[in-house]
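Here's the structure we're looking at; comments come further down.
Each value in this text was obtained by applying a stated rule to the coordinates, not by laboratory testing. Note that the structure is predicted; figures quoted are calculated from it, not measured. Cβ: placed from backbone, ideal geometry, glycine included. Neighbour counts: every protein chain shown.
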Amino acid sequence: MLKIAVLVSGDGSNLQAIIDSIENGYLNCSIEAVISDNIKSFALQRATKKGIPIYVFPKKEFGESIGDEILKVVKGNVDILVLAGFLSLLKGEILKKFEGKIINIHPSLIPLFCGKGMYGEKVHESVLKSGVKITGCTVHFVDEKVDGGAIILQKAVPVYFEDDVKTLKERVLEEEHKILPEALKLLSENKIFIKDGKVQIV
């Protein structure tokens with residue numbers, strides 16, 4: 001069984017998708033911890049409701065050292081870290097200790113609309129402003145570069161002329177809720193390998 005910790009900052013709908021996928025038997029995983037940088041994150045309520053241990057390291061208090069605090073919680077206790085709408089950047093030792101074992105879900109088709117400052121609704125605003133007809137979501141490994149790790153899975157989503165941030169966000173989220181559990185399933189079944197900076201699924 002794959003042991004994971006889920007890192008969240010907001011509503012936690014992707015956390016809920018993982019919980020649901022475990023409960024319906026799709027995922028052979030256990031969530032050992034839910035960790036947030038925001039005490040007001042609704043994801044913490046989702047975790048508490050399921051009896052999952054929660055840890056909060058407020059962004060304003062811990063800043064760039066947040067990765068060090070998270071490492072104290074997860075080291076030796078989990079196999080994979082899942083960033084599911086986590087807005088703090090992980091730096092330092094945690095990236096070495098969990099190299100190839102941290103994944104993130106991003107609301108665009110990387111390498112488009114990603115990088116520093118591109119998160120949450122800002123991504124969708126930029127997509128709409130650009131006039132592109134297709135966007136989507138990406139699950140990727142996390143390394144020292146923001147949104148720069150090897151891509152695991154992507155799903156395309158159409159952008160309609162009449163879209164606003166809310167409608168586009170909902171359409172992308174619907175696909176996020178599918179590909180994040182799918183990526184975890186592939187990891188739990190040892191079907192993902194990184195070769196020449198690219199992910200091979202076998």
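Okay, here's what the table says:
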{"read-out": "log10 of Debye I(q)/I(0), alpha-carbon scatterers only, for the chain at 0.11, 0.18 Å⁻¹", "value": "-0.47, -1.33"}
{"read-out": "Backbone HN-Hα couplings from phi across region 164-176 [Karplus 6.51/-1.76/1.60, Hz, Gly and Pro as x]", "value": "10, 4, 4, 5, 5, 4, 5, 5, 5, 4, 4, 7, 4"}
{"read-out": "Region 44-116 and region 170-202: distance between their alpha carbon centers, rounded to Å", "value": "17"}
{"read-out": "Built amide H within the under 5 Å cut-off of Gly85, gap 5+", "value": "Ile105"}
{"read-out": "Residue list for region 111-143, given a label point 7 angstrom along the Cα-to-Cβ vector of Tyr160 and an amide N cut-off under 11 Å", "value": "none"}
{"read-out": "Peptides ranked, highest mean first, by Cβ atoms within 10 Å: ranges 86-97, 55-66", "value": "86-97, 55-66"}
{"read-out": "Amide H partners (placed H, <5 Å) of Ala150, local residues excluded", "value": "Phe141"}
{"read-out": "Cα convex hull of region 143-182, projected area averaged across orientations, nm²", "value": "3.7"}
{"read-out": "Packing-based ranking, highest mean first, of 113-120, 183-190 given that Cβ atoms within 10 Å are counted", "value": "183-190, 113-120"}
{"read-out": "Farthest positive-ward along the chain dipole, Cα basis, beta-carbon charges - from Gly12, Val82, Leu128", "value": "Val82"}
{"read-out": "Cα long-axis angle, helix 13-23 against the chain (0 to 90 degrees, to the nearest 10)", "value": "60"}
